Amino acid sequence: MADRKRIESPASRRSRVEAVVWLALAIAAFIVTFEFDGPLPTFEFGAAFWPRVVIAGVIVSAGVLLVSSYFVGARESEAVIDERTTDALSEDAARVTRKTLAIFAIPLVYVYAIHQVGFLLVTPIFLLGYMYLLGVRGWVTLIAVTVGFYGAIVLIFVKLIYTPLPQGAGFFHSLNGQLIGLIQ
């Protein structure tokens, strides 16, 4: 019994940190909406109305997560966990943290790559890799969803509403231009 101690699970701590981060981001986003709060001639509530509705939803969700993680954490801290379980939880938390960082970092790399290499070349690689990171392991599913989603995006933006997609820089700009020419 000497190797048993009271601890709080890493999951409840992570939930609290996640809730605080979401609250901070949402509050910052809400503050930014005051920069475009002017009236619109066609919409009496102004340009900031719908972004504020979405941000309010994020704030409410983060608040619920924070409160629920507090109550779940209080219940878990009363549990007695032995040293072996503690070691397993900390190893699992380190693995999940790296995956969580990758889940947030890869879209940032994707946005940067879109401007350098172009949407048409980067998006299929991103979709395939991101789904694999999120746990999709069936190659048929990976390829079918990637091709289907990519095809739908290209069809909608290039063929239906004629919206230019980022074409990249240098050689990639020319290559993306040729691909768009083939699609149209």
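Numbers at a glance
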item: Residue in segment 45-53 that is closer than 28 Å to residue 133 by Cβ, surrounded by 11 or more Cβ atoms within 10 Å (Cβ to Cβ) and modelled with pLDDT of 80 or more present; result: no
item: Single residue of 64, 72 found to be at pLDDT 85 or above and either surrounded by 11 or more Cβ atoms within 10 Å (Cβ to Cβ) or touching a Gly at 6+ places or on another chain (Cβ under 7 Å) (or both); result: 64
item: Residue within segment 123-144 that is under 14 Å from residue 180 (Cβ atoms) and out of contact with any strand residue (DSSP E or B) (no Cβ under 7 Å at 6 or more places or on another chain) present; result: yes
item: Segment 95-149, residues that are polar (S, T, N, Q) and surrounded by fewer than 12 Cβ atoms within 10 Å (Cβ to Cβ); result: 141
item: Tally, over segment 157-170, of residues that are within 20 Å of residue 125 (Cβ to Cβ), out of contact with any Ser or Thr (no Cβ under 8 Å at 6 or more places or on another chain) and not in a loop (DSSP other than H, G, I, E, B); result: 1
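The values are calculated or read from the model by the stated rules, or taken from the named source; none is laboratory data. Everything numeric here is computed off the predicted structure, so don't read it as measured data. Quick reminder, even Gly has a Cβ in these numbers, built from the backbone with ideal geometry, and neighbours come from all protein chains shown.
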